[in-house]
Each structure stands twice: as structure tokens, then as C-alpha cells.
Amino acid sequence: MFRWENHYFKDLCSPTINIHVSNPTVDPPEPIETPTLAMTEGEMRAEMNRISCSFTSEEFRNMSHNWLRMEQAGMVPEQKDEEDGVYVEWSNKYCTAGVLFGVNASNCPHFAAWPYTGSDAYLGQACQGVGRSAAHMQVRAAAREFVANQGAWDAAYRSAYIKMVSTFATFAPSVMSQPYNISGDECTSRYHLEAACAQEGAGPATQDTKALYDGQYNVSNPLADSCTSCSQGRVTGANCCTCVSLLREYHYDAGSQQVMYASFIARYPDLWPSAFLPEQPLPAANITSIPERPLDSAPLDDDVAPNVTVNGVLRDPPVTPYHSIPRTVDLGCPDGTTWILSYNGSSPGPTIRVPVGRQTLVRFNNRMTAATIADTPFSPFTPCDTTPGREGRPIAVHLHGEASLAPYDGWAEDTTCGGESKDYYYSNHRQALSWYHDHQLELTSENAYFGLAGMYVTTDIAADGGCGEPWNLDGLPDTDMMFKDAVLDSSCQLYYDHSVSVVQGPHRNNLYGDINLVNGVPWPVMTLEPRWQRFRWLVASVARPYKLRIIDAVNGSDVSGSACRVIGGEGGLRRTPEPFPAAGVFMGVAERYQVVCDFTPYAGRTLLLWNTFDRRRMKDVPFFCHSHLVAKIHIAAAVSAPAAGPVAVFNPVRPFRPALDAVLSNETDIPRALEMAQNRQCTRTFRFGRRRGHWVINGETWHSARVAARDVGHNTWEVWCLETGGGWFHPIHIHLVDFYILTRNREESQVHEYERWTPKDVVQLDPGAEVSLLVRFGPHRGEYMFHCHNLIHEDYEMMRSFRVVRTESGRTNSTALPMQFEPTLVQNLNILYDLYDDPVNPDYGPQRTTSLTPLRISSNNPAVQDSLSYSISRGIYRIFYPGGAPGESPLLRNVTLNPWLVSLPDENCCALRQQQQQLPPPLP
């Protein structure tokens, strides 16, 4: 687990963690914790695991487990930790300073041999005066700032130390010949870490304490009776039950028969050996039922258009072309240009448009070397600055919306450092509104906020090389729009501070800006013709959701409710268009919708793209003076003369069949999943909450328990139920898959019509709410992530993974596609996925850019040809495009057997694809 240091002593100073003593007058309030009342079983397992590692006797483990169960059932109030005003942050970002003082960079902060190491001694020497470099002086000055006030130092670091030890457990083997107090492997040694709970303070041991450690702790012992009663909730006396709050402070030494103050002996563990304790398991508490959490059952108000009063004039801001990485841009700030990060010199990055059926290679070259960013606001970061031979600021690129093989999905720890490049291969197997953005562990929010994001559209429009899209969409003007908010400091630089240093940063949990940007331009003005128009909308903010509608700029009357239709989402087009809700389309972070609007009646008028405040779904989201303004739309007086033929008109003459419907049966799968959701028969339940200062999923974070679902069967479907653990909202993204939203708050009626039967990969989890999803886990095997897409929550590890395994090992193998019961076909796919199921397989990882032949060199170059043909010649996406690699199963070409099969965009295959896209009979 994480590296721990004993910071109680002034001669030890580790930069791998950060300690902050709160200042209520300056610091933002901390979010409310998820209560134990009505916790899910997943959350309870996390709580019990933590408790199990706090105690070494079965008696105390069982007692604490029973108490938790009673809190869960509402039989007793929750025993909350006393607020001490000390925040502890442990992060890879502090490893740079640690390396300067001897911390092993490859282990920082994952250091197994705790508690006392040579690194600690070296750091202590540095803090006391050994070392003369500027870095030594900087760390020493920080340490002495605390030493100047010994009382503040003692209080802050003692509290932080106890908090760290109490929060995490380590399963590393002991590095000593004997297990000692706070030895680093309490869980495995089963030796006592806690104080004798038979007394409340340090001093001579009481008889009860001696009896406890002498092995006389049995059912006839009065102390045992007291603890048994405590475990059943019948007694709340200090002799037993308050030991939970005394565990880390006191330790009994059998030799001196003294109860010692543990903080002073932790530094010298070899002096204080622990003692055995015979186990006397206690019976489990009798819990009859767990109360249900109240859910929001109020009816939807999508048909109600809020009143808007328009006042003022929206100016036209300046626009500056983009050139380099990183660079400055003109955002209209009167005091100068603004630093950004960019792809190919622009922010957002270039929009990539790819026809369905064409595989792509996108090479991402990280030019953010130490030298390149030396004179910019952007700093190096781990692991690039702490790993020998690597440098600069890291990136990890995720194509959000693509079913990529695991090594090309943008795993958060699949890092590309400065001066390195990585080739990503994408299948583009179905229509999609996707986007590519940074996904580097602990750095996603910063990199994306400063500009590392761009749109990626997989289209079937004939002019783009596709087979043609339904409903006459090919003829409509097509506008991509990426929305985000930003805030500038007094120097016109993008402001973002989520530190816990001397003053706690305002962006520790959320970032809400007062400037709305569309495609990188603040409050833009656009001119459109009075005809049918198509929009592709993406919310790419760090935390802010939007509720978008179009209104008349003069009188504020609703336009979009009558003029617009919602035609698709993340995973492509819907089965049928849906009327645009008068109240607006709600979009959480990373959600995407496709919309068409008929502006024919609005020739010569000015409209506003408006962000509506939703009190129900935007809890605690601040609306600043101009947060409601997104863009101004001038409708021209007339349509320009078309090149040929009449002006295209949106015409949904027949239903469309989304790609997700091809791998789900309307007759069996969808009705069965709906029934499961209505009866609360979830395959898995995940609650997104907050415990002990951390954003968690089922009580765990990325580092405390990465894999949350280890037995997801290949090409099976599951019903996932997602819940919030308190009064926050979370936009949840599941990698690899598309899904349908079945219910919200256990009711189908709570699902908005524009999101019902829309193929999605992000769902907004409202405050105190839950949703159920039908998720088809295909087409690939491997380990993938799911997380909150509030990027700050994600950086603070509200992210876990699931593992798609062979079908027969899955939890719901009865839902597998028929193709999974063809042994030769499955064996052929397994051979492939055994090679590509590891998201950080070094064979497909980043390389030094200088070792690669640039792709812009002639495609006749052997190295370039090998790169360009790689995905086809190896058949890595053979489930979509069979026939490119030797040894592939011919059964993959059977469209009846393989529903993932994609027809290529030529005359014959286009006819086949259009036939496949006809919607099967409607749902019952």
C-alpha cells in the first residue's frame, strides 16, 4: 500500500505526503461523508476490511463488525470520528522531492518495507541540516516552519500519523525477525496493535489489562462479558466500547506492566514487542433488516419551459489561431494571452472524423519534455520525473466512446512521458459521438482543463466515406460543439488549485468557472442558415453539468422545444427521434447528444443557446453572472443557393437499429433486464460516496482495491445498479461498453425520454439517486476502468476497474451471445485476447519518439507500412473485421452468428448494412 512515515517527530520530514491544518475562515467546507446507515454490502465489506486491519483479535473484529451492522440497520447511531482539522494527502505528485532525499522513485509512494528505513533517516538528516542544495534548503525551510511552533507540529503530525495508519492496511511481509508494535504487517501477524481497552489512559496497567494480555480473556471474564454486551449494542461503557477511539494511542508493555503512549514508541519498534492474544470469537449481531434510503420520486418536468428574461448584449469575442504545444491563446482577457496545453497546437484538439468501417492509427507524441515546459506554468509529474530514463509531463490518451482493446483504451497508468509516443489503434465499428482526452492518473483534471481534449466523430455520412445515414441526415449542415467552463486569475491565466498546502485550494472537490467556452471560444457568436441544422454536443468541463435549450434572444421564449429533436447520444443514433424537452436537455460531464433543429421559421432572428439552472439536479453548483449564457446564434435572412437540388429536410421515415440493438435481443434480453431492474435484481451494485475524506466506490479507491468486478463474462450482459452515497451528483462513465438506462430511482418513468433507448456510455447519477443499466460486456476481454467523470473526483481516485474474463467464468454466462457457444470461434478469439487483455502490456506501450519512423514519411517505407497495416495484418479487431490475419475462424464472417460483424463501406456492403439497420419489432 502507500508509503507511511511517522511525522510526529520533528527530525523526520517526508515530501511524499502533504499535511494541512485546516483554517475554517479560508478553506472550503469538506463534503459530507456517506453514512453507514443503509450502506450496501459492498460498502460494508470495505468498512469491515478496514476494521479487520485495525484489530488483531477476533473479539474486537467481531465487536466492531457487529457495531457496523447495527449502524447499517439504524439500531444505533453512527460512531463518527472526531474532527481534528488535519488533512492528509498522499500522492505521486510529491515523489520528485522525495527522490532528492533518497526515496526510491520506483516505489514512491508504494513502499512496502515500513516503518523505518534508510530513506527516513536520510530525510531526517536533510531536515536537520545535512545537504546544501537548493532542494535540501527548500525542504528544510518547510520543516522548520513547523518546528518554530512545536505545539502545532506535534498536534498536526501526531494526528496525521494516526490517521494514516488507521486508514490503510498493509499486507506486505514483515522485514523484521519479530512482529513489533506498528510493524507494517498487523493484518498478517495477528499481533496486537491496539492498546488495552480496559483502561482509558497511559500509566500502570489495570488488572483487566493484565488479564487481557495474559490470555485470561474468556467468556467467564467480566471484561469479556462487557465486550460481548458492547458487541450486541447493550452496553456503551468506557471499559470496552470506547476502545475504538483509543486503539492507536496506547500500547500495553507486558514487561514493565505499563500502558504506554503509542506515539512515542512507534519510532523505536524494536524496543516494544507485542503479545499474543487467544481468540474468543463473539456471536454475530442479530440484524433483521436494512432500511431503504429515500429516493426522489417527484415527476419529471421536461415539458415545462422555464421563464427567461433577456437583458443585455452578448459581445463578439476575439478569436486567435493556434500554433504550438504548449502555447498561449487570446481568450478575450484584457490583460493578455493565456497559457494552454494542446493537441497539434489547438485547444480543443483537432476534430477527427472517421467513416464507420475504417480502422485508424493515431500516434500521440508527447512533446512536453522538461526543456519544453521549463518556461511555462506546467510542471513535470510522476512517473516521468521520477523514473530513470524518462522525463517531462505525462499523458495517457483515452478515446472516450470507442470499444478499444485494453492496451489502447487509455489506462490511467499507461503513461507516455515527454519525448515518447504511443500508437493507438481504433476500430470505428459503429456510428459514435466520441472524444479523446487525457486520462493520466492523478493528472487528468489538470491536463484536460488546460486543453488536452478533442472530438472524434465516427460517421456514416457518404461524403465522409460512409454508406449514408438515415433520415436524410447526410444533407444537413453539421456543427460540433464542445462545452466547458473556465476561470481566469488576475494574470489572465486559467486558474486551478486543488492543493492542501498552507491554504487549502478552492478546487479540492469541484471546479466551477464563470466563463463558458464553446470549442475553446468564450461566449461565441455563430451564423446559421434558416434550415434544418445538425448539432453534436459534448460537455467537456471538469465538474459543471449543463442543461441546454435554445431561446429567442429578444423575449426569452422557448425555441428548441418546438424546433428541435434529439436523434442520438454517445453510441450513435437512437431508434427514433425524440422531441426536444421544453425544459432543456440535461448533460453531465462527458455526456453527448446529437440534436437536429429546424430554423426555417426563425430567418433573420437572433437566438441564444442557454444553460438553465436545475435546482433538483445541480445541487450546490454555483451560477455566476453569465453561467446561463453559452452562445449567440444569428439566423441568416435566407438560405444560400444549394450546389444541386433542393435544401435537405430532416425526414425520419423509418426506425433505425443502433449497433447496441444488434447484440441485445428485443424479445428476450431487454424484457428480462427490465424485469430485473424493476425487482431490484441487480447483477452488481456500486455506490459512489465519500468516506474518511476520500471519494470512493463501494468504500474503496483506485489504490485500495482496484478491481471491483473480477468475473464479468465475455459477451454477456449484466444489470448494473449505481447509487450515490450522499448529497452529491456524479457523472459515471463505464469504459469499453454501450448501455441502456433502464430505470432511475427504480422507476421507468424517471428516465428522461431523450435518454431512454439512447446508446450511452455516461449516465448522470443525481444527488441521493440510483440508476439501473443494461450493459453488454463485449466485444473484447481485458481489464477496463469505470469512474466518476467529475475529473477532480476521478483524480482523487473515485475510479475502479472491472475485468472481462472468459465467458464460462462470468457471473451471467447464461446471457452470452450464441457465438460464445461455438468452441472453435471462441478459441480463436481467446488466442487474440490472451495477448491484448493487459492494459499496460509493454509490447504495445509507449516508445521513444526518436526510435520511430514518422508516419508522414511515404507509406512505402517498411516501418510506416508495418505500423499502418498492423491492426489488419494481425487481425486485432477481427471480431468486427475478420479476414485480415492468418488463422482466423471463418465463423467470424457469419453475420447470423457474429452480430459484431461490420460491413465495409462499398456498394454491396452498404446495402447489407442498411438492411441490418432496420429496427426489429418494437419492445413489448
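Determine whether residue 811 is at negative phi and under 8 Å from the mean Cα position of the chain (by Cα).
Numbers: at negative phi: yes; under 8 Å from the mean Cα position of the chain (by Cα): no.
Against the criterion (at negative phi and under 8 Å from the mean Cα position of the chain (by Cα)), residue 811 does not qualify.
Find the residue count for the stretch 424-445, including only residues that are at pLDDT 95 or above and closer than 23 Å to residue 373 by Cα.
The number of residues fulfilling the criteria is 7.
Examine the stretch 679-689 for a residue that is within 25 Å of residue 780 (Cα to Cα), part of a strand (DSSP E or B) and either in contact with a Pro (Cβ under 6 Å, 6 or more places away or on another chain) or open to solvent by 20 Å² or more (accessible area, probe 1.4 Å) (or both), and state whether such a residue exists.
Keep residues of the stretch 679-689 that are within 25 Å of residue 780 (Cα to Cα), which gives 682-686.
Then keep just the ones that are part of a strand (DSSP E or B); that gives 684-686.
Among the residues that remain, those that are also either in contact with a Pro (Cβ under 6 Å, 6 or more places away or on another chain) or open to solvent by 20 Å² or more (accessible area, probe 1.4 Å) (or both) are: 685.
Yes, the conditions are met somewhere in the stretch 679-689.
If we scan the stretch 393-406, do we find a residue that is over 30 Å from residue 760 (Cβ atoms) and more than 23 Å from the chain's Cα centre (by Cα)? Explain how you work it out, then say what you get.
First, the residues of the stretch 393-406 that are over 30 Å from residue 760 (Cβ atoms): 393.
Now drop any that are not more than 23 Å from the chain's Cα centre (by Cα), which leaves none.
Checked against the condition, which is being over 30 Å from residue 760 (Cβ atoms) and more than 23 Å from the chain's Cα centre (by Cα), the stretch 393-406 yields no hits at all.
Within the stretch 475-484, is even one residue on the phi < 0 side of the Ramachandran plot, open to solvent by 20 Å² or more (accessible area, probe 1.4 Å), in a loop (DSSP other than H, G, I, E, B) and without any contact (Cβ under 8 Å) to a residue 24 or more places away in the chain?
Pass one, the stretch 475-484, residues on the phi < 0 side of the Ramachandran plot: 475-484.
So of that shortlist, the ones also open to solvent by 20 Å² or more (accessible area, probe 1.4 Å) come out as 475, 477-480, 484.
With in a loop (DSSP other than H, G, I, E, B) added as a condition, the list becomes 477.
Then keep just the ones that are without any contact (Cβ under 8 Å) to a residue 24 or more places away in the chain; that gives none.
No, the stretch 475-484 has no match at all.
Answer yes or no as to whether residue 418 is touching an Asp or Glu at 6+ places or on another chain (Cβ under 7 Å), assigned to a loop (DSSP other than H, G, I, E, B) and open to solvent by 10 Å² or more (accessible area, probe 1.4 Å).
no
I'm checking my understanding of the structure. Among residues of the stretch 20-49 that are within 23 Å of the chain's Cα centre (by Cα) and small (Gly, Ala, Ser), which one is surrounded by the most Cβ atoms within 10 Å (Cβ to Cβ)?
The selected residue is 46.
Does residue 573 satisfy the condition of being at pLDDT 95 or above, under 27 Å from residue 513 (Cβ atoms) and not charged (D, E, K, R)? Let's see the steps before the verdict.
Numbers: at pLDDT 95 or above: yes; under 27 Å from residue 513 (Cβ atoms): no; not charged (D, E, K, R): yes.
Here the answer is no, as residue 573 does not meet what is asked.
Answer yes or no as to whether residue 670 is buried (at least 24 other Cβ atoms within 10 Å of the Cβ) and not in a loop (DSSP other than H, G, I, E, B).
Details: buried (at least 24 other Cβ atoms within 10 Å of the Cβ): no; not in a loop (DSSP other than H, G, I, E, B): yes.
So residue 670 does not fit the description; no.
Which condition number does residue 843 fail, the rest of (1) surrounded by fewer than 14 Cβ atoms within 10 Å (Cβ to Cβ); (2) charged (D, E, K, R); (3) more than 21 Å from residue 409 (Cβ to Cβ) being met?
With respect to (1) surrounded by fewer than 14 Cβ atoms within 10 Å (Cβ to Cβ); (2) charged (D, E, K, R); (3) more than 21 Å from residue 409 (Cβ to Cβ), residue 843 is out only on (3).
Have a look at 505, 556 and point out the one that is of a type in the set (Gly, Ala, Ser), open to solvent by less than 30 Å² (accessible area, probe 1.4 Å) and modelled with pLDDT under 90.
Working: 556 fails: modelled with pLDDT under 90.
It is 505.
Name the residue, out of 794, 755, that is buried (at least 21 other Cβ atoms within 10 Å of the Cβ), among the charged types (D, E, K, R) and within 18 Å of the chain's Cα centre (by Cα).
Criteria check complete, one pass: 794.
The conditions are (1) open to solvent by 30 Å² or more (accessible area, probe 1.4 Å); (2) within 22 Å of residue 747 (Cα to Cα); (3) not polar (S, T, N, Q), and residue 655 fails exactly one of them. Which is it?
Only one criterion is unmet by residue 655, namely (2).
Among the residues of the stretch 404-415, is any in contact with a Phe, Trp or Tyr (Cβ under 7 Å, 6 or more places away or on another chain), closer than 19 Å to residue 445 by Cβ, among the β-branched types (Val, Ile, Thr) and at pLDDT 95 or above?
No: zero hits.
Considering only the stretch 772-791, state which residues are under 17 Å from the mean Cα position of the chain (by Cα) and open to solvent by less than 10 Å² (accessible area, probe 1.4 Å). Working first, answer last.
Pass one, the stretch 772-791, residues under 17 Å from the mean Cα position of the chain (by Cα): 783-791.
Result: 784, 785, 786, 787, 788, 789, 790, 791.
The values are calculated or read from the model by the stated rules, or taken from the named source; none is laboratory data. Source: prediction; values computed, not measured. Ideal geometry is used to build each Cβ from the backbone, glycine not excepted, and the neighbour counts take in all protein chains shown. Just the protein is used for accessible areas: all its heavy atoms, side chains included, with ligands, DNA and RNA removed. Shrake-Rupley method; radii C 1.70, N 1.55, O 1.52, S 1.80 Å.
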